[in-house]
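Take a look at the structure set out below.
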Amino acid sequence: MTLRLEVPTDFGFTEEHALLRAEARRFLAERLPIAELRRQVDAGVRLDRGLWKEIAGLGWVGLVLPERFGGAGLGWLHLGILMEEMGRRLVPGPFLGSLLAGIAIERGAGDAQRERWLPAIASGETIASLALVEPGGAFEGAAITASADPADGGFVLRGRKTHVVGGADAGIVVAAFREPSGRISLFAVDLPAPGVAIEDEVSIDPTRPTARIAFDGVRVGAGARLDGDGSRALAETLTRGSAALAAEQVGGAEAVLQLTRQYAIDRKQFDRPIGFFQAVKHPIVDMMCGIELARSLACGAAAGLDADTPAAPVHARMAKALASDVYAQAVRKGVQLHGGYGFTWDCDVHLYFRRALWSRPMLGDAIHHRKGLASALGGEA
């Protein structure tokens, strides 16, 4: 079967998209200047509940969730714009975790389960998270070893999950388990719960706290298992999450470009801005070209999801693969062009460097997604 890779080309940014970008940029600039982000990191603030409440009040958590379940019912281009602005400001906290958990429930649950969980997630009343990654690094269906054994009309859950975004503050976690039949199922577990142990992780990115969660004989009712096909829901969640994270990476890379460009203007050597010299000018142009290409793929992935094209998973993989590389290259060049200052904690590029390293493997790094592309397009993985 030949997979047609057309991306909808008749999409464009509407006035509504422009208003969302302008409002997100204004709000985050006022509410989360870099000095405030640094203050929170230095103070060890894991969750700024005031900021979380404001973000939830803007409808961002439920942006792509259906209106009948409390969401805003907007599209993936809207979310891509928002994620790009959030990446530009290194928004801390559990937003990504709640976003992914909401997507998983929306894709994998029945209507009664959606009505049970999604309104509270969309409103921000309940912080949620998605627990997929296991200690060995596996996060896709075939490699999941955490188990769900039937017992007393429900299930007993056992296993370990790591890199759970906002896990220590979550009121509900959606996690993937394997049943004795081999079926992969998603379970929504209300927290705290007997048998669930949560501990903070030491993360390379201090602006995005993560946790390890251990499920040691956790008993849940049958209603905790999402009604739909777990493997399919997991795959669709990963596709949508990859597209969203790619947009966030583009925003972060763009911020590094702007910081580096300004430094090249302000910093003088031989009575001239260092940006006058080709050894500095050319790498900055390379950064810009890479970011624009990554942005194009991220927008294409979002447009494909909005149009529900069969090739949407392929475009999401392409976007995440390139954005992971481009972000890493941007922070590397940004640090180099800042000279020795770039390696210090005082240099803001350093914060983006950490986010780039964190986000590169999250939901699959470039190699992972290119192997998936090779398989999807008929080549060897």
> Within the bounds of the range 175-185, is there any residue that is under 18 Å from the mean Cα position of the chain (by Cα) and part of a strand (DSSP E or B)?
Replying inline: yes
>> Given the criteria touching a helix residue (DSSP H, G or I) at 6+ places or on another chain (Cβ under 8 Å), open to solvent by 60 Å² or more (accessible area, probe 1.4 Å) and at pLDDT 95 or above, does R219 qualify?
In response: no
> Quick one: in the range 118-139, which of the residues that are without any contact (Cβ under 8 Å) to a residue 60 or more places away in the chain and among the β-branched types (V, I, T) is nearest to I105 (Cα to Cα)?
Replying inline: T126
> What's the number of the condition P92 fails, among (1) closer than 16 Å to V164 by Cα; (2) of a type outside the set (A, V, I, L, M); (3) outside any helix (DSSP H, G or I); (4) touching a Phe, Trp or Tyr at 6+ places or on another chain (Cβ under 9 Å)?
Replying inline: (4)
> In this structure, does A112 turn out to be open to solvent by 20 Å² or more (accessible area, probe 1.4 Å), modelled with pLDDT under 95 and either in a loop (DSSP other than H, G, I, E, B) or not basic (K, R) (or both)?
Replying inline: no
>> Being modelled with pLDDT of 95 or more, outside any helix (DSSP H, G or I), under 29 Å from F353 (Cα atoms) and of a type in the set (V, I, T): is that true of V61 here?
In response: yes
>> If I filter the range 371-381 for residues that are over 30 Å from V41 (Cα atoms), in contact with a Ser or Thr (Cβ under 6 Å, 6 or more places away or on another chain) and assigned to a loop (DSSP other than H, G, I, E, B), do I get at least one hit?
In response: yes
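Taking the range 128-155 as the search range and keeping residues that are surrounded by 15 or more Cβ atoms within 10 Å (Cβ to Cβ), small (G, A, S) and not in a loop (DSSP other than H, G, I, E, B), which one is modelled with the lowest pLDDT?
G141
What about L90, is it out of contact with any Cys (no Cβ under 9 Å at 6 or more places or on another chain) and hydrophobic (A, V, I, L, M, F, W, C)?
Taking the combined requirement at face value, the residue satisfies it.
Conditions (1) among the small types (G, A, S); (2) open to solvent by 30 Å² or more (accessible area, probe 1.4 Å); (3) free of Cβ contacts under 8 Å to residues at least 40 places away in the same chain; (4) not in a helix (DSSP H, G or I), marked per residue:
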{"site": "I284", "(1), (2), (3), (4)": "no, no, no, no"}
{"site": "M288", "(1), (2), (3), (4)": "no, yes, yes, no"}
{"site": "L293", "(1), (2), (3), (4)": "no, yes, yes, no"}
{"site": "M318", "(1), (2), (3), (4)": "no, yes, no, no"}
{"site": "V326", "(1), (2), (3), (4)": "no, no, no, no"}
{"site": "R332", "(1), (2), (3), (4)": "no, yes, yes, no"}
{"site": "D346", "(1), (2), (3), (4)": "no, yes, yes, yes"}
{"site": "A356", "(1), (2), (3), (4)": "yes, no, no, no"}
{"site": "H369", "(1), (2), (3), (4)": "no, no, no, no"}
> Of the numbered conditions (1) under 30 Å from H78 (Cβ atoms); (2) open to solvent by 20 Å² or more (accessible area, probe 1.4 Å); (3) at pLDDT 95 or above; (4) not in a strand (DSSP E or B), P206 satisfies every one except a single condition; which is it?
Replying inline: (3)
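Checking the conditions here, which among R267, R232 is over 18 Å from D325 (Cα atoms) and touching a Pro at 6+ places or on another chain (Cβ under 8 Å)?
Answer to the check: R267.
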> Of the residues that make up the range 237-255, is at least one touching a Cys at 6+ places or on another chain (Cβ under 9 Å), among the small types (G, A, S) and either surrounded by 24 or more Cβ atoms within 10 Å (Cβ to Cβ) or on the phi > 0 side of the Ramachandran plot (or both)?
Replying inline: yes
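The values are calculated or read from the model by the stated rules, or taken from the named source; none is laboratory data. Computed from a predicted structure; not experimentally measured. Heads up, the Cβs are rebuilt from the backbone with ideal geometry, glycines too, and the neighbour counts pull from every protein chain shown. What goes into the accessible areas is simple: the full protein's heavy atoms, side chains included, and nothing from ligands, DNA or RNA. Shrake-Rupley method; radii C 1.70, N 1.55, O 1.52, S 1.80 Å.
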